[in-house]
Amino acid sequence: MSNSLSTLDWIVIAGYFLLLLAIAYWVIRQKNENSEDYFLAGRNMGWFVVGASIFASNIGSEHVVGLAGSGAADKFPLLIYELHAWVVILLGWLFLPFYVRSGVFTMPEFLEKRFGEKARWFLSLFSLAAYVLTKVSVTLYAGGIVISTLLDIPFMTGALATVILTGIYTVLGGMRAVVYTETLQAIILVVGAATLTVLGLSAAGGWESVVATVNTEVRPDYMNMWRSMDDNDYPWHWLVLSSTIVGIWYWCTDQVIVQRVLTAQNITEARRGSIFGAFLKLMPVFLFLIPGIVALVLNLRGELAYDTPDQAFPALMMQVLPSGLRGLVAAGLMAALMSSLASVFNSCSTLFTMDIYKKIKPQATEKQMVNMGRLATGVVVLLGIAWVPVIEDLAGGALYGYLQSVQAYIAPPITAVFLLGIFFSRINNNGALATLFSGLAIAAIRLTLEVMKDSLDPNGILYPIADMNFLKFSTFFFLYCVATAVVVSLLTPRQSMKSIEGLTMGSITDKQKEENASSYTWVDIVASLFVVLVVVFVMIYFS
């Protein structure tokens with residue numbers, strides 16, 4: 001099998017880009033001078049588009065590269081982050097009704113309604129910084145690995161070319177361009193990756209042969225995602241707790257994901273979109289992790305070569321796929337890169353425009369806000385590019401692990417504030433602010449110490465903090481955040497129930513309860529239970 005793209009491959013890739021540009025052009029021709037249309041696609045999307053957009057926003061090139069790399073690099077426990085389909089279900093059933101009732105554009109805007117203006121400012125600035133640290137730069141880095149492996153060019157060259165194209169249609173077309181192109185990209189990514197999984201397994205002699213080779217050549221428990229409580233890297237109990245904290249932050253409170261469900265026509269379509277997105281979220285196990293294991297097996301047999309585990313997926317693609325199909329999967333990988341970038345670009349512009357610019361300049365016209373959103377996108381792109389060299393040093397050939405560790409420090413304070421804010425009316429703005437600001441300081445200290453770990457005195461007071469397993473640290477960090485929010489709130493005056501009506505479990509009116517109950521049917525319940533059962537099955541199988 002040739003290890004370079006053929007003429008037919010390039011024709012397929014060109015066809016993908018032409019179709020993408022045609023959709024983007026059609027959307028851009030629609031007028032986007034209204035901020036609701038530009039940032040939330042006019043709030044009239046159906047469940048299929050919402051679900052596909054959720055999936056495409058999440059499954060970026062960092063998953064394609066990183067999850068496959070985890071399968072090829074003895075990081076199987078990280079599979080648990082791909083079983084968070086049950087958390088997406090939680091978004092649709094628990095969090096979504098509160099967001100829809102509040103009528104917000106952004107998650108910081110929701111925090112302002114619940115806890116006041118300072119909480120909104122904090123989350124806006126914190127989220128923008130977090131996106132540069134994780135989403136934008138990690139996606140750029142992963143995309144660079146994919147494209148450099150495919151085209152044999154410097155990785156920044158390919159990544160930048162894709163960023164420019166993505167930036168153009170995101171800036172001009174806004175959220176509507178993003179969700180429609182993401183729907184196309186989700187379809188291409190699923191079809192392409194599924195094809196690679198089937199042909200990869202065929203090249204390796206089938207799943208049973210793959211399992212036998214791994215058990216013999218590596219060790220029998222290699223594909224066990226549940227390691228002992230004494231494991232240095234992924235003790236199962238800390239992994240379950242920390243991944244749940246991160247999952248709730250990412251799927252239920254993060255602007256990039258929640259903005260997708262806010263584009264829906266109504267709460268019924270939004271919930272069904274989240275259920276469909278949860279179903280699609282089950283696919284990465286089969287689309288990316290298994291190809292990573294197949295690549296490992298072929299590497300052990302001397303039939304496939306790659307320099308780092310993060311190159312496993314694109315290397316397998318070049319090795320086993322015939323001409324034409326290789327181009328389809330290459331297009332799928334580029335789609336993953338572009339969909340993730342487009343999602344983050346649009347969410348960053350929404351956060352900056354609605355939560356910062358509009359606050360500073362409340363008299364701004366709709367056209368001015370749309371133009372400011374476009375400008376903000378460009379700035380975020382430049383900041384992400386600047387951070388890529390740091391990502392390259394920290395990732396060390398295990399990009400997915402880097403992403404999960406950084407998110408483990410970002411998630412606890414935000415998860416605590418949103419969960420407590422919705423479940424307990426007694427949590428007030430003082431408790432929320434104390435948690436958010438002290439949480440930011442702790443996260444910054446931990447991340448700094450982790451980078452400086454090798455230069456610290458092993459007998460010093462700081463070394464144990466830097467050396468603590470990131471999953472264990474994240475769990476204790478979350479408990480600290482919960483305790484801080486509760487104690488500070490109880491020591492300070494209660495917020496008036498009038499000011500938080502409909503924003504907490506204890507303040508929902510009877511009318512709101514009736515409206516929520518009429519927004520779903522037995523079909524929604526059965527579909528949600530099916531997703532949860534599949535998650536349980538995968539957890540048991542890989543044990």
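Restricting the search to segment 437-477, which residues are loosely packed, with under 14 Cβ neighbours inside 10 Å, under 20 Å from P413 (Cβ atoms) and of a type in the set (S, T, N, Q)?
Result: T448, single match.
Can you find a residue in segment 267-284 that is at pLDDT 90 or above, within 18 Å of the chain's Cα centre (by Cα), surrounded by fewer than 21 Cβ atoms within 10 Å (Cβ to Cβ) and assigned to a helix (DSSP H, G or I)?
yes
Given the options R120, R114, name the one that is basic (K, R), at pLDDT 85 or above, out of contact with any Gly (no Cβ under 8 Å at 6 or more places or on another chain) and surrounded by 21 or more Cβ atoms within 10 Å (Cβ to Cβ). Before you say what the answer is, go through the steps one by one.
Numbers: R114 fails: out of contact with any Gly (no Cβ under 8 Å at 6 or more places or on another chain).
Exactly one residue qualifies, and that residue is R120.
Can you name every residue in segment 415-436 that is over 25 Å from the mean Cα position of the chain (by Cα), buried (at least 22 other Cβ atoms within 10 Å of the Cβ) and closer than 19 Å to F95 by Cβ?
Passing the criteria: only I427.
So N459 passes all but one of these: (1) in contact with an Asp or Glu (Cβ under 8 Å, 6 or more places away or on another chain); (2) without any contact (Cβ under 8 Å) to a residue 24 or more places away in the chain; (3) polar (S, T, N, Q). Which condition number does it fail?
Only one criterion in (1) in contact with an Asp or Glu (Cβ under 8 Å, 6 or more places away or on another chain); (2) without any contact (Cβ under 8 Å) to a residue 24 or more places away in the chain; (3) polar (S, T, N, Q) is unmet by N459, namely (1).
Out of all the residues in segment 488-506, which are surrounded by 15 or more Cβ atoms within 10 Å (Cβ to Cβ) and either among the aliphatic types (A, V, I, L, M) or not in a loop (DSSP other than H, G, I, E, B) (or both)?
Hits for segment 488-506 are V488, S489, I500, L503.
Check off (1) over 22 Å from the mean Cα position of the chain (by Cα); (2) assigned to a loop (DSSP other than H, G, I, E, B) for R101 and give me the number that stays unchecked.
Failed condition: (2).
Among (1) farther than 24 Å from V190 by Cβ; (2) in contact with a helix residue (DSSP H, G or I) (Cβ under 6 Å, 6 or more places away or on another chain), there is one condition N266 misses while meeting the rest; what is its number?
It is condition (2) that N266 fails.
Does any residue of segment 386-397 turn out to be at pLDDT 85 or above and assigned to a helix (DSSP H, G or I)? Show your work before the answer.
Taking segment 386-397 first, the residues at pLDDT 85 or above are none.
No, every residue in segment 386-397 fails to be at pLDDT 85 or above and assigned to a helix (DSSP H, G or I).
Every residue in segment 215-250 that is crowded, with 18+ Cβ neighbours inside 10 Å and farther than 20 Å from W86 by Cα, please.
The answer is M223, Y234, P235.
Which residues, taken from segment 197-227, are modelled with pLDDT of 85 or more and outside any helix (DSSP H, G or I)?
A204, G205, G206, W226
Got a number for residues in segment 516-529 being outside any loop (DSSP other than H, G, I, E, B) and surrounded by fewer than 15 Cβ atoms within 10 Å (Cβ to Cβ)? Show your work before the answer.
Filtering segment 516-529 down to residues outside any loop (DSSP other than H, G, I, E, B) leaves 516-517, 522-529.
Going one step further and asking which of them are surrounded by fewer than 15 Cβ atoms within 10 Å (Cβ to Cβ), we end up with 517, 522-523, 525-526, 529.
Here the count works out to 6.
How many of the residues in segment 497-531 are β-branched (V, I, T) and closer than 20 Å to E269 by Cα?
From segment 497-531, those β-branched (V, I, T) are 500, 504, 508-509, 521, 523, 525-526, 531; that's our starting set.
Next, only the ones that are closer than 20 Å to E269 by Cα stay: 521, 523, 525-526, 531.
Residues meeting the conditions: 5.
The values are calculated or read from the model by the stated rules, or taken from the named source; none is laboratory data. Quick caveat: nothing in here was measured; it's all calculated off a predicted structure. Please note: Cβ atoms are built from the backbone with ideal geometry, for glycine as well, and neighbour counts cover all protein chains shown.
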